[in-house]
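Taking it in order: structure first as structure tokens, then the write-up.
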Amino acid sequence: DLNAGYINLVPRLFPNAKIVVDRFHIVQMVSTALNMVRVQVMKTVPKSSKEYRFMKREWKVFLKRFEELDAVRPTYHSSVGYYDTAVNLIAMCLDLDSDFRTAYETYQAILSAVKERDVTA
């Protein structure tokens, strides 16, 4: 658990213990942060808009690695009511807010770093 209280408590109780942050908790924290930004953006657009409906119904697509998304073959998305690629729909939503775009790009960079075990990203 990455609770801030534990970070202060553990060294007092276990002076020789090393605090280790695993990949699961890193990804969990950044995906939660991305979802929080997504919800904030959703609050700024009309509920009847296709961007809102896509972000509300297909929120899991934002958590996938960008490389795993199909950018070529359109599929039907009932949330927007037409065929399109997930990449196009994500781009449409990212254009709504620069903070959302930054959060999404940071999330994707962290996913890549975790997958590649890159400590410099």
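Rule-based calculations on the coordinates, nothing more; no lab input. Every value quoted in this text rests on a predicted model; they were computed, and no experiment measured them. Every residue, glycine among them, receives a Cβ derived from its backbone with ideal geometry; neighbour counts consider all protein chains shown.
Details
- Comparing Gly81, Val45, Met55 along the charge dipole axis of region 41-84, the residue lying farthest to the positive side is Val45, per the Cβ-charge model.
- Under the Karplus curve 6.51 cos²θ - 1.76 cosθ + 1.60, θ = phi - 60°, whole-Hz ³J(HN,Hα) for region 92-103, x wherever Gly or Pro sits: 4, 6, 5, 6, 6, 8, 5, 5, 5, 4, 4, 4
- Per residue Cα convex hull volume in Å³ - calculated over region 67-121: 87
- Cα pair distances in region 25-79, grouped into 10 Å bins until the bin that holds the longest one, percent each: 21, 47, 29, 2
- Nearest 10 degrees, 0 to 90: helix 4-13 Cα axis against the chain principal axis: 20
- Total lysine pairs in the chain at Cα distances under 30 Å, for residues eight or more apart or on different chains: 13.
- Sorted from greatest to least, the principal axis extents spanned by the alpha carbons of the chain come out as 59, 30, 22 Å.
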